[in-house]
Amino acid sequence: MSIAEVRGPSFDHRLAALFSSDPAAMGAAFSLYRDLCDAGPAHEFGSMVLVTHHAECRALYRDAARLSSAANRSGSLARENRARLTPEQQLAFDELNRLETMRMSTTDGEQHRRLRLIAHRAFTPARIKELEENVRGYLDELLAQPDDVVDLMELAYQLPLMAIVDLLGVPQAGREQIHLWSTAIGRNRGGSEPDAVLPAYRAVQEFSAYVRRIIDGHRRATAPTQLVAALMDAEGDDQMTVEEVIVTYMMLLFAGHETTTNLIGAGMLELLRRPEQWRLLTEDPSLAVEATEELLRFVTPVQWNNRVPVVDVEIAGMTVPAGRTVRLLNACANRDAAVFAAPDELDLLRANARDHLALGYGQHFCLGNALARLEGAVVFGTLAERFPSLTLTGDEPEWTGSAMLRRLRRLPVRLGS
Ligand code: HEM
């Protein structure tokens, strides 16, 4: 039964507005998620099934044998999106789709395991420690400016970009160009905007040429790069092909940038809206690690992930046929009262905040989770320590980007230093 039959057509309109990334609908996302979660664990919506409760989402994330990430490339939603394109856009769509066969997050089974194991070498504890030092240094640079009123989104955007540029082993001087490519590729990610396909295709071509030059420099030993070494310098099957390296660069860039920007931006907004929670952190900045977990739960920077069943599956009593896109709504699951007491309250001292699904679950659990968590903790802790009187100065927040990764346009604050 569709959600409209149960809750009335206005529900369908609200969902359609959210999934088409309407800014007002993105602003009201959590009240819609609340209604959706209260209405039950699974709902039909258009060509998709939406899953809202924590237990069901978690079980489906774990069931990677039946709920495929690779089949996202050909599921009901992908077919619907492709059908809307012109023949020229379809050619670009198909080429982007071909590259996705090498992207960890859209592969399954043995292929996924191999790509993930190799990429995992880029995240050794020693490398994370190095990146932490860099992040602290960059944060000092970004905060060394004389103005009292600043837009925190600038920091939220620059810092993760600087960290990911270091991880990729490319010069900081190129980061704006990298950001432009990443934005063009990211805009196409939901696949629902036909106009985004060709710019994404061009960005992929340019970015590929850029990464080929990095690989070349590494091979000639003129500019050795830790990340290329981690991905390519092993024996036998244990290394990536040039094309796999290019796709992995793209994946890390995209997965590690806007996600963290949103954790910092939306996280600071929610903290500053609740002075008693902000005070807890300013009185004890060492709470920043716990605060990061609760903020990951509360703002859920990646609001959902999709899967496509490869056989017919039963979800909360509903039979879902193979090939139908299943949307796992992390943002709903993270506000499920069956797991989190008073789920719509931000509570930095919440004992089980870490049970959130904000970083996914199971085989595809966020590979960059250590970096994401450390960036969050460094920013929240440092701001609380240095600027305890920090306050919001702007009007109602405006949301932009795609609904899956909704982003604040601005976050003006008074540092009060
Ligand atoms: C607050 C920041 C972040 C959030 C909320 C986040 C969230 C997620 C989520 C929900 C998934 C699961 C996707 C799925 O199941 O389909 C994921 C996967 C992934 N993330 Fe993150 N992420 C963040 C930061 C990062 C960073 C900093 C990196 C790398 C530098 C990264 C790299 C990845 C990769 C490579 C995957 C795919 C793993 C796989 O398919 O096996 N993420 N992330």
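Key figures for this structure:
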| quantity | calculated |
| --- | --- |
| All positions within the stretch 397-412 that are part of a strand (DSSP E or B) and touching a strand residue (DSSP E or B) at 6+ places or on another chain (Cβ under 6 Å) | Thr400, Arg407, Pro412 |
| Boolean, Thr325 is touching a helix residue (DSSP H, G or I) at 6+ places or on another chain (Cβ under 8 Å), β-branched (Val, Ile, Thr), within 16 Å of the ligand (Cβ to nearest atom) and modelled with pLDDT under 95 | yes |
| Single residue of Glu88, Glu80, Glu154, Glu141 found to be over 26 Å from Gly217 (Cβ atoms), modelled with pLDDT under 90 and away from the ligand (no atom under 16 Å from the Cβ) | Glu80 |
| Number of the exception - Ala39 against (1) in contact with a Lys or Arg (Cβ under 7 Å, 6 or more places away or on another chain); (2) within 16 Å of the ligand (Cβ to nearest atom); (3) without any contact (Cβ under 8 Å) to a residue 40 or more places away in the chain | (2) |
| Qualifying helices (runs of 4 or more DSSP H) (wholly inside the stretch 74-175; at least 2 residues being within 17 Å of Thr260 (Cα to Cα)) | 125-143, 152-168 |
| Enumeration of residues in the stretch 335-373 that are assigned to a loop (DSSP other than H, G, I, E, B), touching an Asp or Glu at 6+ places or on another chain (Cβ under 9 Å) and within 11 Å of the ligand (Cβ to nearest atom) | His356, Ala358 |
| Within the stretch 374-396, considering residues that are of a type outside the set (Gly, Ala, Ser), buried (at least 19 other Cβ atoms within 10 Å of the Cβ) and not in a loop (DSSP other than H, G, I, E, B), the one farthest from the ligand (Cβ to nearest atom) | Leu383 |
| Close pairs from the stretch 93-116: first among the basic types (Lys, Arg), partner assigned to a helix (DSSP H, G or I), Cβ under 7 Å, at least 6 apart | Arg103/Val247; Arg103/Met251; Arg116/Met104 |
| Some residue of the stretch 53-73 being in contact with a strand residue (DSSP E or B) (Cβ under 7 Å, 6 or more places away or on another chain), more than 16 Å from the ligand (Cβ to nearest atom) and in a helix (DSSP H, G or I) | no |
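The values are calculated or read from the model by the stated rules, or taken from the named source; none is laboratory data. None of these values were measured; they are calculated from a predicted model. Reconstructed Cβ throughout: ideal geometry from the backbone, glycine too, with neighbour counts over all protein chains shown.
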